[in-house]
1. Are any of the residues in region 110-123 polar (S, T, N, Q) and within 16 Å of A193 (Cα to Cα)?
2. Restricted to region 137-152, and to residues that are assigned to a loop (DSSP other than H, G, I, E, B) and within 19 Å of T191 (Cβ to Cβ), which residue is farthest from the chain's Cα centre (by Cα)?
3. Just to verify a result, which residue in region 163-204, among those that are in a helix (DSSP H, G or I), open to solvent by 40 Å² or more (accessible area, probe 1.4 Å) and among the small types (G, A, S), is nearest to T121 (Cα to Cα)?
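The values are calculated or read from the model by the stated rules, or taken from the named source; none is laboratory data. Just so it is clear, the model here is predicted, and its values are computed rather than measured. No Cβ is skipped: glycine too gets one built from the backbone with ideal geometry, and neighbour counts run over all protein chains shown. Note: accessible area is taken over every heavy atom of the protein model, side chains too, but ligands, DNA and RNA are not part of it. Shrake-Rupley method; radii C 1.70, N 1.55, O 1.52, S 1.80 Å.
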Amino acid sequence: MKNRFSLSAFGIGWSANRRMLVIAMILAALLVLAGVTAYVTGHDTRQSGSAGQHESSAPSSSMPANPAPAESTPGAGSVPRPPRISDPLAFAKAAAAMLWSYDTRDTSREQQLTGMKAWMTREGQYSDWASISAQMPDPTLWSRMADQQQHATAHVAEGHYPAAFKQALAEDPAAITEAYIYAVTVTGKQTIAWARGGAGAEDRSLTLAVQCRPSADCSLVAVAPRVAP
């Protein structure tokens with residue numbers, strides 16, 4: 001039986017028409033995932049005022065798995081710049097930390113989106129900005145969060161290649177060499193605080209698609225609609 005987790009779903013050998021498909025939908029079909037957590041917490045806003053190792057199966061670099069925090073992008077408030085690294089796991093962990101972190105005290109919603117967009121691949125046939133921007137609350141909710149001075153930090157526990165991705169890569173190692181897009185599942189914890197001493201923490205998990213071409217820095221492609229084990 002043909003392997004259902006073919007790397008062709010990551011854009012390998014796509015026709016021009018197929019490259020117009022949303023990569024998040026392709027990842028969903030590829031990985032048969034099981035539920036994704038939202039960027040903003042599910043805290044009851046009426047009560048709290050809130051909204052809320054590297055494996056050998058895929059190519060990697062010798063860059064550290066936990067790069068130092070990057071400086072902020074100009075015009076993007078507290079959103080950090082993407083790290084200049086070529087390791088899919090390390091980059092995905094940094095991207096997850098970026099998506100799980102925000103500070104409404106000094107960053108507008110527009111600045112947050114600007115900062116997030118700086119992490120995206122510039123290859124339009126693969127970029128799924130819609131899946132990234134969907135992690136943001138709508139303008140009304142962000143305004144309410146800002147009223148409560150809500151801010152969040154992230155601690156990333158680990159990142160790994162999902163089993164389905166490793167299986168596909170093992171069966172056809174050369175298939176990835178067109179788009180160089182990797183699936184990475186990241187887990188961690190998001191800590192949230194708001195005015196008058198309110199605080200809370202929740203576990204987080206998501207699967208990202210990241211592009212890491214040889215001799216180039218990694219970039220963000222998409223957030224999968226479900227988490228791959």
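1. At the first step, the residues of region 110-123 found to be polar (S, T, N, Q) are 111-112, 114, 121.
From what's left, within 16 Å of A193 (Cα to Cα): none.
Taking every residue of region 110-123 in turn, none turns out to be polar (S, T, N, Q) and within 16 Å of A193 (Cα to Cα).
2. Initial filter on region 137-152 (assigned to a loop (DSSP other than H, G, I, E, B)): 137-138, 148-150.
Still in the list and also within 19 Å of T191 (Cβ to Cβ): 137, 148-150.
On the way: P137: 16, Q148: 26, Q149: 24, Q150: 21 Å.
Step by step, filter region 137-152, then rank; the result is Q148.
3. First, pick out the residues of region 163-204 that are in a helix (DSSP H, G or I): 163-171, 173-177, 195-197.
Restricting the remaining residues to those that are open to solvent by 40 Å² or more (accessible area, probe 1.4 Å) gives 163, 166-167, 170-171, 173-174, 177, 196-197.
Then drop every residue that is not among the small types (G, A, S), which leaves 163, 170, 174, 197.
On the way: A163: 24, A170: 25, A174: 21, G197: 38 Å.
So the residue we want is A174.
One line per residue, one yes/no per condition, for (1) open to solvent by less than 60 Å² (accessible area, probe 1.4 Å); (2) not in a helix (DSSP H, G or I):
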{"residue": "Q111", "(1), (2)": "yes, no"}
{"residue": "T114", "(1), (2)": "no, no"}
{"residue": "I132", "(1), (2)": "yes, no"}
{"residue": "Q135", "(1), (2)": "yes, yes"}
{"residue": "A154", "(1), (2)": "yes, yes"}
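Conditions (1) in contact with a strand residue (DSSP E or B) (Cβ under 8 Å, 6 or more places away or on another chain); (2) among the charged types (D, E, K, R), marked per residue:
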{"residue": "A118", "(1), (2)": "no, no"}
{"residue": "R122", "(1), (2)": "yes, yes"}
{"residue": "S131", "(1), (2)": "yes, no"}
{"residue": "W142", "(1), (2)": "no, no"}
{"residue": "D147", "(1), (2)": "no, yes"}
{"residue": "E158", "(1), (2)": "yes, yes"}
